[in-house]
1. With an 8 Å Cα cut-off and a minimum separation of 6 or more residues, compute the relative contact order for the stretch 311-360 in percent.
2. Calculated from DSSP H runs of 4 or more alone, at -39500 (n - 2.57) each and per residue, what is the 222 nm mean residue ellipticity of the chain, nearest 500?
3. In the structure shown, do any of Lys198/Lys222; Lys238/Lys327; Lys62/Lys309 have a Cα-Cα gap over 28 Å, and if so which?
4. Out of Leu227, Val244, Pro202, whose Cα points farthest toward the positive end of the dipole of the stretch 195-289 (charges: +1 Lys, Arg; -1 Asp, Glu; placed on Cβ)?
5. Work out from phi, with θ = phi - 60° and the Karplus expression 6.51 cos²θ - 1.76 cosθ + 1.60, the ³J(HN,Hα) of each residue of the stretch 213-227, listed in order in whole Hz, and give x for Gly and Pro.
6. Subtracting the Cα-Cα distance from 0.36 nm times the residue separation, let me have the gained length for Val311 to Thr231 in nm, one decimal.
7. I need the GluC sites (Glu not before Pro) found in the stretch 285-360, filtered to DSSP loop residues with at most 16 other beta carbons within 10 Å of theirs.
8. By its C-alpha gyration tensor, with a ≥ b ≥ c as the square roots of the eigenvalues, how is the stretch 1-42 shaped: rounded for a/c under 1.5, else prolate for a/b larger than b/c, else oblate?
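Every read-out reported here was derived from the displayed coordinates using simple, explicitly stated rules and does not represent laboratory data. The structure displayed is predicted, hence computed values, not measured ones. Here the Cβ positions follow ideal geometry from the backbone for every residue, glycine too, while neighbour counts run over all protein chains shown.
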Amino acid sequence: MAEWQQRAEVTGDVIFFRYVNDSTENAAAEVFVWDLDKTYLDTTFETLRGLIKIAMEKAFQKRNVPGTATLVRALRNYWQDQNVGKSNFPIYFVTASPPQLEQKIHQKLVLDGIHTFGLFCKDNLKNLRPSRLSHLRHQVGFKLQSLMQLRVHLADQVRQVLWGDDSESDAIIYSLYSDICSRRLTGTGLKEILRGLKVLGPQMETILHLQNQVPEWDPVDKIYINLAVDTDADYYLKFGRRVVPTYNTFQAALDLFQDGRLDLSQVQLVAIDMIRNYGFTMNEMEASLRDLVNRPVLAHETLQGLLPKFVAEGLIAASFGQTLEAKKIKTKEGQRVTALVNGNNEPWIPQVIDYLHDYR
């Protein structure tokens, strides 16, 4: 038996490395789940060459998507400030990288100052045979099963914030996970969708079995999609306003600030990291802000809270705010902004999503 198999929970091609105990997992009221590939790390695993490159890299050679390490640390620091006395920041990562790379991935996260609760890997080496190469790219069954397995370990009324990208159907996966947990989809209708999305038989059986074990409760609070392959943001309206596509990490930080999950100084840290370490310009920062206002995602009240500080720090031009016409907040749930006045009319969570027809 390989060393990693002694430390992992193995269910089909889903390999789970858990780094905390059951009581720690179950105590978390809010949990963050981050897709590692193209969302946190700049990785390519869909080809044999990509897998070999990932396998050869040292932990310190693995490259972050710009700003992501700073954003996760900012989320952790704010969470710890809001949960005085608690040091365990509840975050999990999911990757299609094989479990043989778990130690390198874990080491990379530690180098970034991140101590994850757990890591899901995909047993992808067995897919290197010619008859199974297509399985390298099919992630829906793997990721859905991973999320459902995680859900069993979490509190009944946990809230989850999910990060993914547009190269692996993550908006479909996360929304479908929400529909499965809430029982908006069950039985024959769910099976037809899973088959249409090329979910394998054993994966489907596990997902349906786990649906019967988890509480009838929608745990998904917010979904962020990194537009790694530059999909049109309007495509994601079909998934409801809960899904926020972003062109860069700075945009995600802005929305997290609006929802009360970051403070302003931490958003600035993300912006500074992207400018100093990844070559982003003031014009790109301003374009990111303008895009979120125009969609519309960012509210007038949010801008009023951040523009003076960003101007004072030299992150945007003093005249920039004069060109923006942001809409005011219409409704909130707690600190989370759910609607803007005369904003997008799509529902927050659609009752029915067309999962099988992709109009990108």
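1. Computed value for the stretch 311-360: 20 percent relative contact order.
2. Rounded to the nearest 500, the figure is -12000 deg cm²/dmol.
3. Checking Cα-Cα distances, Lys62/Lys309 exceed 28 Å.
4. Pro202
5. Values per residue, Gly and Pro as x: 9, 8, x, 7, 7, 7, x, 7, 8, 7, 10, 10, 10, 6, 7 Hz.
6. 25.8 nm
7. Glu313, Glu325
8. Oblate, because a/c is 1.5 or more while a/b does not exceed b/c.
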